[in-house]
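J.: Next up is a structure, given as structure tokens.
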Amino acid sequence: QAKERDRTHVAVFDHQMQALASSRLETESQLGGALERDELRLVYQPIVDVHTERTIGFEALVRWQHPSRGLLAPAEFMSIAEETGMILAIGEWVLREALMQLQLWRMDVPGARDLFVAVNLSARQVQDPEFPAAVARTLAQTRAEPAALHLELTESMVMSRSDVAVQNVTALRELGVRVSLDDFGTGYSSLSYLHQIPAHTVKIDRSFVAAIGEDNASATSIIGAIVGLGRALELDVVGEGVETPQQVEELRRLGVRYAQGYLWSPPIAPAAAQEWIREKAVRDSPSA
Ligand code: C2E
Ligand code: MG
Ligand code: MG
Ligand code: MG
């Protein structure tokens, strides 16, 4: 009987594996045409100064408007994009789209002139020797200021001790682009990474911010230590995933200057972001 049950389990497992593999294959082939069919979207999350509540920039986050499955988050397709190499074309699209959007906002709203847009990179882009030249081209085509572009990378993208990644970051910095270390503190060797990659900004991983509400003394100490590093190395520090007033209060107390999270806004569509910018610009202008 046990054997019988085992066999059934194996059959069920097999079936699930097959279903998973075929849905993966299906997703893969659909993703292949997503760019031509214009199914990718960017949403934008405001990044604010926690003292003035002013919006200083937006992080661009990719979505896939799937023909039958609705709006998909990166977790549902970006690993396939990375494995197949489609990420290079997607990444190019994301960069161009985000910079064009930034330029439209800057033209539309006078108060938006100092905004930046932050774009997430993938490992393949960071390892691609052609990447800095592609960024330079896109900046020239969109006439965006290099300093208005923040490129976000994570430790695992450069951890392979690849010289290409370090050279690329150096080349990007020389263009005037700003470099952010995303999900900071979660990697295996955050300190040596910080030493290897000369960055402008570190983004404290959401897990540390989330732990604040749970009265977690070590999370608070780690955030304090990152702020100290930021001061010593002259880096801007951004807290990610802020959801409660208590969390932002604690971040302020610890000396974190910038933050983003659902407390202010989830990532929003371009039109809503434009509305957001208009409101903030009006609210912040001295004549209002
Ligand atoms: P990330 O760069 O660390 O982005 C922050 C993620 O946290 C986003 O998820 C955002 O929607 C979410 N988030 C923001 N505020 C809060 C909050 O208060 N609470 C919670 N629980 N979550 C919050 P999303 O958009 O699903 O993106 C996930 C990851 O996918 C990103 O993490 C980034 O690593 C990657 N990604 C997104 N867009 C792109 C892209 O265009 N290119 C590449 N290569 N990766 C991307
Ligand atoms: Mg990011
Ligand atoms: Mg992050
Ligand atoms: Mg991330």
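J.: Residues of the range 17-34 being surrounded by fewer than 15 Cβ atoms within 10 Å (Cβ to Cβ) and either closer than 15 Å to residue 71 by Cα or hydroxyl-bearing (Ser, Thr, Tyr) (or both), which ones?
T.: 22, 23, 29
J.: Could you identify the single residue in 170, 220, 154, 244 that is at negative phi, touching a strand residue (DSSP E or B) at 6+ places or on another chain (Cβ under 8 Å) and among the hydroxyl-bearing types (Ser, Thr, Tyr)?
T.: Working: 170 fails: touching a strand residue (DSSP E or B) at 6+ places or on another chain (Cβ under 8 Å); 220 fails: touching a strand residue (DSSP E or B) at 6+ places or on another chain (Cβ under 8 Å); 244 fails: touching a strand residue (DSSP E or B) at 6+ places or on another chain (Cβ under 8 Å).
Checking each option against the conditions leaves just 154.
J.: Another question, then. Which condition does residue 87 not pass, out of (1) open to solvent by less than 10 Å² (accessible area, probe 1.4 Å); (2) touching a residue at least 40 places away in the same chain (Cβ under 8 Å); (3) within 13 Å of ligand 1 (Cβ to nearest atom), if it passes all the others?
T.: So residue 87 meets the others, but not (2).
J.: Also, quick follow-up: Could you tell me how many of the residues in the range 196-247 are crowded, with 20+ Cβ neighbours inside 10 Å and among the hydroxyl-bearing types (Ser, Thr, Tyr)?
T.: 1
J.: Right, something else. Considering only the range 171-181, I want to know if a residue exists there that is touching a Pro at 6+ places or on another chain (Cβ under 6 Å), among the hydrophobic types (A, V, I, L, M, F, W, C), at pLDDT 95 or above and open to solvent by less than 10 Å² (accessible area, probe 1.4 Å). If you could, list the steps in order and put the result at the bottom.
T.: If we filter the range 171-181 for residues that are touching a Pro at 6+ places or on another chain (Cβ under 6 Å), which is where we start, we get 171-172, 175-177.
Narrowing further to those that are among the hydrophobic types (A, V, I, L, M, F, W, C): 171-172, 175, 177.
Next cut, at pLDDT 95 or above only: 171-172, 175, 177.
Next, only the ones that are open to solvent by less than 10 Å² (accessible area, probe 1.4 Å) stay: 172, 177.
Yes - at least one qualifying residue is present in the range 171-181.
Okay, residues lined up against (1) without any contact (Cβ under 8 Å) to a residue 24 or more places away in the chain; (2) within 16 Å of ligand 3 (Cβ to nearest atom):
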position: 78; (1), (2): no, yes
position: 91; (1), (2): no, no
position: 123; (1), (2): no, yes
position: 133; (1), (2): yes, no
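J.: Now for a separate question. Among the residues of the range 276-285, are any part of a helix (DSSP H, G or I), open to solvent by 40 Å² or more (accessible area, probe 1.4 Å), under 25 Å from residue 174 (Cα atoms) and modelled with pLDDT under 95?
T.: no
J.: Between 262, 193, 258, which is touching an Asp or Glu at 6+ places or on another chain (Cβ under 9 Å) and open to solvent by 50 Å² or more (accessible area, probe 1.4 Å)?
T.: Answer to the selection: 262.
J.: Quick one: in the range 111-121, of everything that is in contact (Cβ under 8 Å) with a residue 40 or more places away in the chain and more than 14 Å from ligand 1 (Cβ to nearest atom), which residue is most open to solvent (accessible area, probe 1.4 Å)?
T.: 114
J.: For the range 142-232, please list each of the helices (runs of 4 or more DSSP H) lying entirely inside it that holds at least 3 residues being β-branched (Val, Ile, Thr).
T.: 163-175
The values are calculated or read from the model by the stated rules, or taken from the named source; none is laboratory data. Please read these numbers as outputs of a predicted model, since none were measured by experiment. Note that each Cβ is placed from the backbone with ideal geometry, even for glycine, and that neighbours are counted across all protein chains shown. All accessible areas refer to the heavy atoms of the entire protein, side chains included, with ligands and DNA or RNA removed. Shrake-Rupley method; radii C 1.70, N 1.55, O 1.52, S 1.80 Å.
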